[in-house]
Amino acid sequence: MKYSPTLAALSRTSLAIALALGGASVVQAQTPQANADVQAVTITADGATRRPVARGIYEAAYSHASKALYVASAEAITGTEGGVIYKLDPDTLQTLGMTHTNEKDFGLAVNPEGDTLYVTNSLASGLSAMDTKTGKIKAQVKFTEQSKDGSAYGLRQVIYDPEQKALYVGGVGDPGIIWLVDADTLAVRATIPNAGKWVTGLLLDKETQRLYSANGDGEVLVIDTRENRILERWTPGDGKSYLLLNLALDAKRHRLFVTDHSKQKTVLAFDTRTGQVADRIDIGDSMGIKYNPARDELYVSHREQGKVSVVDAASLRTTKTYTLPPMPNSLLIGPDGKTLYVTIKTPHNKDYSASGEGSIARIELP
């Protein structure tokens, strides 16, 4: 996501896309919550623990160093500048600290050591690195490239590559773009252009040295991470129009899953050996997706249905559904493989502010 002082830096279309697919600069230090009131939690009928956090929450990430859960918020309130990174207790979901940022916060990634949280500032075309020990921003970068219509790129996802000690960052624009950024300095090392309309999901397969990228043209790009160039472009091949979003990999079965939330409303399974669609899971609109190898399960969020599905990866059958209205969004598997976190958004108002407070849910997988 790029740095821009106002939302006007993005075209109306680009802004809508960035918010639908979904800023941290100089910050104040984390605010301890020791004296704050205990935040109310509820237990849903399906057994999930849930608590409200903020208007405009997006992704969540876990840090081994601080043993804490971090949630990005764009603080989508009319007249409010900047965002907040919330530090939560992963078990109780209580707030442990807050980092106030002067840009809106969307996507998150953590380095293996857990001492640095990377934040995409989508509406300002920027990327920030936050010290998880102090809650302070220690590095930032702004991306200056523009789409063919002259609009700034909106960053969506950021993913950490431990082998290169670098980050891949996807830009929503036409044509889309992917940057490789040094994890320490945030200096751009490489640029992968012509990545299709709107780079949406990113997934790194360290074993094969491949980066997979989904886009709004209905393509999955296969990228060589040694040379940072596009090797192949996979499509469903059925003549239908797709807007592909998020990705999950079942390496042992050579299956790459990709969601479509808006056009075909399904989950496709590509065979990573052939690039062909080998199967599909027709469970309706599908947004976030994660594969849990410890349990051989897939988790899929459905914004329109207000639900999260648990899918047996062997049979591709839904085994359980959690009802988490109004709009379950991103997913995070806890470090023990036995916990699933879900960020829950609310619809946007006409000015793109959030109509209500977003929530975080914690599911103890049975």
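The values are calculated or read from the model by the stated rules, or taken from the named source; none is laboratory data. Here the structure is a predicted model, which means the values were calculated and not measured. Ideal geometry is used to build each Cβ from the backbone, glycine not excepted, and the neighbour counts take in all protein chains shown. Note: accessible area is taken over every heavy atom of the protein model, side chains too, but ligands, DNA and RNA are not part of it. Shrake-Rupley method; radii C 1.70, N 1.55, O 1.52, S 1.80 Å.
Taking a ≥ b ≥ c as the square roots of the Cα gyration tensor eigenvalues, segment 64-147 comes out oblate, since a/c reaches at least 1.5 and a/b does not exceed b/c. Solvent-accessible area per residue in segment 263-304 equals 40 Å², computed with a 1.4 angstrom probe and all protein chains kept. In the structure shown, the pairs LYS87/LYS320; LYS165/LYS206; LYS104/LYS265 are assessed against 21 Å; a Cα-Cα span above that value is assigned to LYS87/LYS320; LYS104/LYS265. Rounded is the label for the chain. Its Cα gyration tensor axes, ordered a ≥ b ≥ c, give a/c under 1.5. Surface composition of the chain: carbon and sulfur atoms hold 47% of the protein heavy-atom accessible area at a 1.4 Å probe. Charge dipole of segment 191-277 (Cα centre as origin; +1 on each Lys and Arg Cβ, -1 on each Asp and Glu Cβ, all else neutral): 120 debye, rounded to the nearest 20. Remark: segment 40-49, residue by residue, has Karplus-estimated 3J(HN,Hα) of 5, 10, 10, 10, 6, 4, 8, x, 7, 8 Hz, where x stands for each Gly or Pro and the curve is 6.51 cos²θ - 1.76 cosθ + 1.60 at θ = phi - 60°. Among residues other than PRO366 with Cβ under 15 Å from its Cβ, the summed charge is -2 (Lys and Arg +1, Asp and Glu -1). The charge dipole of the chain, taken about the Cα centre with unit charges on the Cβ atoms of Lys, Arg (+1) and Asp, Glu (-1), comes to about 260 debye, rounded to the nearest 20. From most to least packed by mean Cβ count within 10 Å, the peptides 59-72, 302-315 give 59-72, 302-315. Average accessible surface for segment 42-199: 35 Å² per residue, computed with a 1.4 Å probe over protein heavy atoms with every protein chain in place. ASP296 sits among other residues whose Cβ lies under 13 Å from its own Cβ, and their net charge, with Lys and Arg +1 and Asp and Glu -1, is +3.
Over all other residues within a Cβ to Cβ distance under 14 Å of VAL310, the charged ones net out to +1, with Lys and Arg as +1 and Asp and Glu as -1. With a ≥ b ≥ c the root eigenvalues of the C-alpha gyration tensor of segment 112-212, is it rounded (a/c under 1.5), prolate (a/b larger than b/c) or oblate? Verdict is oblate for segment 112-212.
Its alpha carbons give segment 255-366 an Rg and a Dmax of 14.5, 45 Å.
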